[in-house]
Amino acid sequence: MLTKQKIIHSLLAESWVSGVDVATRLGLSRTAVWNHIVSLREKGYAIKSDPKRGYKLQGVPSSLYPELVSYGLGVKRIGRQMIHHDLIGSTNTEAMRIALDLSDGTVVVAEQQDHGRGRLNRKWESVSGKSILFSVVLKPDFVRPVEAYKFTMFVAVSLSEVLIESTGIDVDIKWPNDIYVKDKKVAGILTEMSAEADTIKHVVVGIGINMDQSSNDFSGDLKNAGSLSMFVQSIDRLVIFRQVLSKLDFYYDKFLNGNFDTIFSKWKHMCTTKGKTVRFKLKNVPVVGVVDDILEDGALSVKVGGGDLVKLYSGDITIL
Ligand code: BT5
């Protein structure tokens, strides 16, 4: 753990922390501790100092800094290592770029992205500090490239459960990767991977959650985009992010331990796409059908004219 992180954790744990105690615990001089306090203040921490009592944390910045996110997090893999950026092109692009050097579960998080991506290089919009934008690097040993949909599924289940548990709102999963509240898309998932023949080298799952945007924050053509603050009164980015990381860690552990069936049945239960009339493109031709089922291999089975079943493994559907 970095020294600054240890100092913040001490300050979060106690109301006053003496400079001598911190210096002894961390093996630093009192001047070194003071220098860290100065740079933490520059980062936005409000830290009171008193010659007799030491230091007291009076306020924290609104950023998703690793030292705040990690405090008492208790995760096995996801979020044990975190890299934070104030501004980056895309956390997915960055995580894919450096994945080889990162351990399983490392999180790359940003306050703002200026080239945020959806699938097929579509744009993912965000406003600084109003979303949670992060990517998780996963390096499971045994998952085959054809099972990539399982990552999207365990992430969708984790996100939905956190939102239901912490806000009480109804959340729907729209196949394959969208999280909706009522008719608004409030979160999206982008799963990318680097694979060789039958082996996955690493997977990067990118997650964007709209927290506090108003409808004016989305461009005009994004009629179905929404944020959680449109549905719930007070919602805290840091609290939700920490809950999402612990939930991801919980379900990733289940996944690694061969319990994907539980995840799949939860996913199916929360996915409202079944039974809906949908439009999609088949070899570039628009087709309308009724969703018959979501299959174990992640495919959407759609009944089209004449009763034929079409299996969709990727792409977009419009619910009619
Ligand atoms: C997604 O793609 O929904 C995946 C979004 C993943 C974003 C995260 S943010 C952190 C990480 N770093 C990245 O660069 N990406 C990931 P898709 O299903 O293709 O949906 C993209 C479409 O959603 C766009 O074409 C828009 O129509 C719409 N859209 C764009 N921004 C949106 C927003 N903030 N909220 C809701 N919809 C949005």
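The values are calculated or read from the model by the stated rules, or taken from the named source; none is laboratory data. The structure displayed is predicted, hence computed values, not measured ones. Backbone-built Cβ (ideal geometry, glycine too); neighbour counts: all protein chains shown.
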>> Going by what's in this entry, would VAL127 be described as within 14 Å of the ligand (Cβ to nearest atom) and under 14 Å from the mean Cα position of the chain (by Cα)?
In response: no
> Which pairs have Cβ atoms under 6 Å, sit 6 or more apart or on different chains, and link a residue in the stretch 102-120 that is over 24 Å from SER70 (Cβ atoms) and free of Cβ contacts under 8 Å to residues at least 60 places away in the same chain to one that is within 12 Å of the ligand (Cβ to nearest atom) and hydroxyl-bearing (Ser, Thr, Tyr)?
Replying inline: HIS115/SER90
>> Every residue in the stretch 133-156 that is surrounded by fewer than 22 Cβ atoms within 10 Å (Cβ to Cβ) and either assigned to a loop (DSSP other than H, G, I, E, B) or touching a Leu at 6+ places or on another chain (Cβ under 8 Å) (or both), please.
In response: LYS139, PRO140, ASP141, PHE142, VAL143, ARG144, ALA148
> Going through the stretch 98-119 one residue at a time, which ones are away from the ligand (no atom under 12 Å from the Cβ) and aliphatic (A, V, I, L, M)?
Replying inline: ILE98, ALA99, LEU100, LEU102
>> Can you tell me which residue is farthest from the chain's Cα centre (by Cα) among those in the stretch 133-149 that are within 19 Å of ASN177 (Cα to Cα) and at pLDDT 95 or above?
In response: LEU138
> Out of (1) more than 8 Å from the ligand (Cβ to nearest atom); (2) more than 23 Å from LEU256 (Cβ to Cβ), what's the single condition that is false for ARG122?
Replying inline: (1)
> So TYR252 fits all but one of (1) hydroxyl-bearing (Ser, Thr, Tyr); (2) within 16 Å of the ligand (Cβ to nearest atom); (3) within 14 Å of the chain's Cα centre (by Cα); what number is the exception?
Replying inline: (2)
